[in-house]
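K.L.:
Below you will find the structure I want to go over with you.
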Amino acid sequence: MGSSGKILIFDTTLRDGEQSPGVSLNVDEKSQIGRQLEKLGVDVLEAGFPVTSPGDFDAVRRLAGELKGLQVAALARASQKDIDTAWDAIKGGADPRIHIFLATSDIHLRYKLRKTREEILDMARAAVSHAKRYTGNIEFSAEDAGRSDLDFLCRAFETVIDAGASTVNFPDTVGYAVPWDFARMIRYVMEHTTNIHKAVLSVHCHNDLGLATANVLAAINEGATQVECTVNGIGERAGNTAMEEVVMAIRTRNDVLPYSTGIVTKHIMATSRLVSLLTGMAVQPNKAIVGVNAFAHESGIHQDGVLKERTTYEIIDPKDIGLAQGTLVLGKHSGRHAIKARLEEMGYRLGDDEIERVSARFKALADKKKEVFSEDLEALVAEEVLRIPGRVSDRYSLVYLHVAGGSGIRPTATVAVEVDGVEMSGASMGAGPIDAAFKAISEITKTKSRLLRFSVNSITGGTDAQGEVSVRIEEDGLVVTGQGADPDIITASAKAYLNALNRMEYRKANASQKPVERMCS
Ligand code: KIV
Ligand code: ZN
């Protein structure tokens, strides 16, 4: 444990998180998430992998320029070109970090890199020495450390610390570790890397066996003082360690985890929603901490217990993560000042224009829905404000939707969509009203995507609750997701589909910039 017991939070939502299948964020979206992560209190933000594409480079440069309250890191392979490009992107930052990675496991050395161990040590030393010309804030990650020979790993860490690395990272790249064995490996590294006291020891766990958070906590217990994680646990394959799980485990079980983080936990929920909305990756309902069911009590005995004393069945106070759950917002006569005040209580500071837009949507919703809850208001902010600024890709927006259906008649949808500012309409029949609406939208927009997944969640309870729809579509091998919310689930579905089509436009426009293999070292 570090002397203060402080665990540094290294957030890689915008780098490893963005490597989730189907996720592609534009520069404005990355900037919005970056500002939210700064507010959340992360210590280091990994903004991207600049050498992989001009889009990534621009995003990293913009974030390094904008965010002054944290360290902005850029990823690089152990090559001069990668390191120079990474530095070019982050050099305008307040405390920029170069993050170099190179594999150390025999399996990667033999099949991927075709290098000997001595060659790897030379490459690692040379890369860190090169980065040292620019900054002393250098992190070295031993990719696939979890399957590396531990004595060789210790030699690699000694070599890079000698060359000037200030942080050494132990990634369980393939999510192979189990907690007690991971603890043993971290202990071994602490005891057998002679100069480890000169660097921060970091861990980076993937969730292939669902053990990422458990492994990270085991590593902290052995002396790791930096955790690499993502919001909602998004990332390659089964994802990375979920930031909110580690932070809330430390806070909730401080009796056995006597550490602290700089995370302002009341911003966790808003950050989770923003990341889910902009990445298009819905959070599973039973996800720890941030899932919609994480604080829902279904059994009568539990409900009764919570009403008598919250701690009977709740180990976390929902307010601690910024979840003003079930709080009645205001009535339909509420003015913009009351809405503004409520939003501020929820952690959203919006400009006058934005308040105007959200208030208009709020009034429309309050006309349809008896009670408007904080969660509804949050969904409106997400749709009206967070998604709009700078979205270069919003070619399509819904103007109106009319469906006719019921037993005994063939469902028909009439839809009008604004395409590049021009209103166009069409009608179609389908197996159900949603199928009919999607067919009409495809005809109007002249798109030919295939629907891979469709899911609906209720934002709050009650038959007048807003439905939040998430869709995943595929076109010419590109996969994107989209989301939409509305009390009418057919309208929510149409919005989600159009949101996905907008994302698809963006992906197509940027497809040529995307590297084929983003992570080969
Ligand atoms: O999983 C991994 O090994 C990585 C490294 C680049 C840190 O993401
Ligand atoms: Zn990773």
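The values are calculated or read from the model by the stated rules, or taken from the named source; none is laboratory data. As the structure is a computational prediction, the values presented were derived from the model and not from experiment. Cβ coordinates were reconstructed from backbone atoms using ideal geometry, including for glycine residues, and neighbour counts include every protein chain displayed. The area values use the complete protein model at the heavy-atom level, side chains included, leaving out ligands, DNA and RNA. Shrake-Rupley method; radii C 1.70, N 1.55, O 1.52, S 1.80 Å.
K.L.:
Tell me whether the range 121-139 contains one or more residues that are open to solvent by less than 70 Å² (accessible area, probe 1.4 Å), free of Cβ contacts under 8 Å to residues at least 40 places away in the same chain and either within 16 Å of ligand 2 (Cβ to nearest atom) or under 13 Å from Asn169 (Cβ atoms) (or both).
P.N.:
Taking every residue of the range 121-139 in turn, at least one turns out to be open to solvent by less than 70 Å² (accessible area, probe 1.4 Å), free of Cβ contacts under 8 Å to residues at least 40 places away in the same chain and either within 16 Å of ligand 2 (Cβ to nearest atom) or under 13 Å from Asn169 (Cβ atoms) (or both).
K.L.:
Just name the residue that is modelled with the lowest pLDDT out of those in the range 52-77 that are open to solvent by 30 Å² or more (accessible area, probe 1.4 Å) and not basic (Lys, Arg).
P.N.:
Here the answer is Pro54.
K.L.:
So, of the residues in the range 207-223 that are open to solvent by less than 20 Å² (accessible area, probe 1.4 Å) and out of contact with any helix residue (DSSP H, G or I) (no Cβ under 6 Å at 6 or more places or on another chain), which turns out to be nearest to ligand 2 (Cβ to nearest atom)?
P.N.:
Selected residue: Ala212.
K.L.:
Going residue by residue through the range 373-394, is there one that turns out to be basic (Lys, Arg) and open to solvent by 60 Å² or more (accessible area, probe 1.4 Å)? Can you show your working first?
P.N.:
Here is the first cut: in the range 373-394, the residues basic (Lys, Arg) are 387, 391.
Cutting the leftovers down to open to solvent by 60 Å² or more (accessible area, probe 1.4 Å) gives us none.
No.
K.L.:
Only one of (1) assigned to a loop (DSSP other than H, G, I, E, B); (2) in contact with a helix residue (DSSP H, G or I) (Cβ under 9 Å, 6 or more places away or on another chain); (3) on the phi < 0 side of the Ramachandran plot; (4) within 16 Å of ligand 1 (Cβ to nearest atom) is not met by His297, so which one is it?
P.N.:
Result: His297 passes all but (4).
K.L.:
Now for a separate question. With respect to Asn232, determine if the residue is over 20 Å from Lys6 (Cβ atoms), buried (at least 23 other Cβ atoms within 10 Å of the Cβ) and within 13 Å of ligand 1 (Cβ to nearest atom).
P.N.:
So Asn232 fails the test.
Residue-wise test of (1) among the hydroxyl-bearing types (Ser, Thr, Tyr); (2) within 20 Å of Val246 (Cα to Cα); (3) away from ligand 1 (no atom under 14 Å from the Cβ).
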residue: Phe10; (1), (2), (3): no, yes, no
residue: Leu14; (1), (2), (3): no, yes, no
residue: Gln19; (1), (2), (3): no, no, no
residue: Asn26; (1), (2), (3): no, no, yes
residue: Ser31; (1), (2), (3): yes, no, yes
residue: Gln36; (1), (2), (3): no, yes, yes
residue: Lys39; (1), (2), (3): no, yes, yes
residue: Val42; (1), (2), (3): no, yes, yes
residue: Ala47; (1), (2), (3): no, no, no
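K.L.:
Still on this structure, please answer the following. For the range 287-312, how many residues meet the condition of being within 30 Å of the chain's Cα centre (by Cα) and modelled with pLDDT under 80?
P.N.:
Looking only at that region, the number is 3.
K.L.:
Here are some conditions: (1) within 15 Å of ligand 2 (Cβ to nearest atom); (2) open to solvent by 20 Å² or more (accessible area, probe 1.4 Å). Thr252 meets all but one. Which one does it not meet?
P.N.:
(1)
K.L.:
Could you please give the count of residues in the range 7-44 that are closer than 17 Å to Asn137 by Cβ and in contact with a Ser or Thr (Cβ under 8 Å, 6 or more places away or on another chain)?
P.N.:
5
K.L.:
In addition: Among the numbered criteria (1) in contact (Cβ under 8 Å) with a residue 24 or more places away in the chain; (2) under 30 Å from the mean Cα position of the chain (by Cα); (3) open to solvent by less than 20 Å² (accessible area, probe 1.4 Å), which one does Phe454 miss?
P.N.:
The single condition Phe454 does not satisfy is (3).
K.L.:
Any idea which of (1) part of a loop (DSSP other than H, G, I, E, B); (2) outside the structural domain of Asp16 (by TED's automatic domain parsing); (3) not β-branched (Val, Ile, Thr) is the one Ala238 doesn't satisfy?
P.N.:
(2)
K.L.:
Can you give me the ranges of the strands (runs of 3 or more DSSP E) entirely in the range 390-454 with at least 2 residues that are at pLDDT 95 or above and under 29 Å from Thr279 (Cβ atoms)?
P.N.:
Correct list: 396-404, 412-419.
K.L.:
For the range 149-169, name all the residues that are open to solvent by 10 Å² or more (accessible area, probe 1.4 Å), small (Gly, Ala, Ser) and closer than 24 Å to Asn221 by Cβ.
P.N.:
Looking only at the range 149-169, we keep the residues that are open to solvent by 10 Å² or more (accessible area, probe 1.4 Å), and these are 149-151, 155, 158-159, 161-164, 166.
Checking which are small (Gly, Ala, Ser) leaves us with 163-164, 166.
Ser166, the sole residue that qualifies.
K.L.:
So, of the residues in the range 1-51 that are open to solvent by 10 Å² or more (accessible area, probe 1.4 Å) and assigned to a strand (DSSP E or B), which turns out to be nearest to ligand 2 (Cβ to nearest atom)?
P.N.:
Among them, the one singled out is Leu8.
K.L.:
Answer with yes or no whether Ala500 is modelled with pLDDT of 75 or more and among the hydrophobic types (A, V, I, L, M, F, W, C).
P.N.:
Criteria met by Ala500.
K.L.:
Which of (1) touching a residue at least 40 places away in the same chain (Cβ under 8 Å); (2) open to solvent by 10 Å² or more (accessible area, probe 1.4 Å) does Ile90 not meet, given it meets every other one?
P.N.:
Tallying (1) touching a residue at least 40 places away in the same chain (Cβ under 8 Å); (2) open to solvent by 10 Å² or more (accessible area, probe 1.4 Å), Ile90 fails exactly one: (2).
K.L.:
While we're here: Residues to consider are Glu143, Glu139; find the one that is over 23 Å from Asp95 (Cα atoms) and either in contact with a strand residue (DSSP E or B) (Cβ under 8 Å, 6 or more places away or on another chain) or charged (D, E, K, R) (or both).
P.N.:
Selected residue: Glu143, the only one of Glu143, Glu139 that is over 23 Å from Asp95 (Cα atoms) and either in contact with a strand residue (DSSP E or B) (Cβ under 8 Å, 6 or more places away or on another chain) or charged (D, E, K, R) (or both).
K.L.:
While we're here: Restricting attention to the range 182-201, does a residue exist that is closer than 24 Å to Gly136 by Cα, within 12 Å of ligand 2 (Cβ to nearest atom) and in a strand (DSSP E or B)?
P.N.:
Scanning the range 182-201, I find no residue that is closer than 24 Å to Gly136 by Cα, within 12 Å of ligand 2 (Cβ to nearest atom) and in a strand (DSSP E or B), so the answer is no.
K.L.:
Here's something else I'd like to know. So which residues in the range 157-181 are β-branched (Val, Ile, Thr), away from ligand 1 (no atom under 14 Å from the Cβ) and assigned to a helix (DSSP H, G or I), if there are any at all? Reasoning before the result, please.
P.N.:
Step one: filter the range 157-181 for residues β-branched (Val, Ile, Thr), giving 159-161, 167-168, 173-174, 178.
Among the residues that remain, those that are also away from ligand 1 (no atom under 14 Å from the Cβ) are: 159, 161, 178.
Scanning the range 157-181 gives Thr159, Ile161.
K.L.:
Filter the range 224-242 down to residues that are more than 18 Å from Phe170 (Cβ to Cβ) and away from ligand 2 (no atom under 13 Å from the Cβ), then give me how many there are.
P.N.:
3
K.L.:
Here are some residues: Lys81, Lys112. Which one is more than 16 Å from ligand 2 (Cβ to nearest atom), of a type outside the set (A, V, I, L, M, F, W, C) and open to solvent by 60 Å² or more (accessible area, probe 1.4 Å)?
P.N.:
Matching residue, one of Lys81, Lys112: Lys81.
K.L.:
Against the conditions (1) open to solvent by less than 20 Å² (accessible area, probe 1.4 Å); (2) more than 17 Å from Ala142 (Cβ to Cβ); (3) within 16 Å of ligand 2 (Cβ to nearest atom); (4) not small (Gly, Ala, Ser), where does Asp172 fall short? Just the number, please.
P.N.:
The one condition Asp172 does not meet is (2).
K.L.:
So is Asp367 modelled with pLDDT under 85 and more than 21 Å from Ala270 (Cβ to Cβ) or not?
P.N.:
Considered against the rule, which asks whether it is modelled with pLDDT under 85 and more than 21 Å from Ala270 (Cβ to Cβ), Asp367 comes out as yes.
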